[in-house]
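For reference, the structure discussed in these notes is given below.
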């Protein structure tokens, strides 16, 4: 399956659930960091674990961050965690979750400060 993403700005794009193979495609597309906002197991056994995505990110020279939260349960602590990390993360960043909305929402809130 080919990598699809929505660009919010030059620094950030969002995507639906990434496969391990799509991590290499993200690197080839120029992304430097992957942010996973999906809790492990949310999509069932076919969803790659955070550890699997992190390993693929490292193998492809990408930074990796995991800030999981359930849809509709974004907290200020999640936003603050991302806001604190953003200045040190290589860009452009590809954030993902089930459909891409959580990744977009947390990024927009973290950068609104």
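The values are calculated or read from the model by the stated rules, or taken from the named source; none is laboratory data. Keep in mind that what you see is a predicted model, and the values were worked out from it rather than measured. With ideal geometry, Cβ positions are generated from the backbone for all residues, glycine too; neighbour counts draw on all protein chains shown.
Of note:
- From 94, 82, residue being part of a helix (DSSP H, G or I), within 13 Å of the chain's Cα centre (by Cα), surrounded by 18 or more Cβ atoms within 10 Å (Cβ to Cβ) and modelled with pLDDT of 95 or more: 82
- Of all residues in region 2-37 being without any contact (Cβ under 8 Å) to a residue 24 or more places away in the chain, part of a loop (DSSP other than H, G, I, E, B) and farther than 18 Å from residue 89 by Cα, the one that is nearest to the chain's Cα centre (by Cα): 4
- Hey, residue 6 closer than 20 Å to residue 85 by Cα, surrounded by fewer than 19 Cβ atoms within 10 Å (Cβ to Cβ) and at pLDDT 95 or above or not: no
- If you go through region 99-113 and keep only what is part of a loop (DSSP other than H, G, I, E, B) and surrounded by fewer than 16 Cβ atoms within 10 Å (Cβ to Cβ), you end up with 99, 112, 113.
- Among the residues of region 45-59, those identified as under 19 Å from residue 70 (Cα atoms) and modelled with pLDDT of 95 or more are 47, 48, 49, 50, 51, 53.
- Residues in region 56-77 include at least one that is part of a helix (DSSP H, G or I) and in contact with a helix residue (DSSP H, G or I) (Cβ under 6 Å, 6 or more places away or on another chain).
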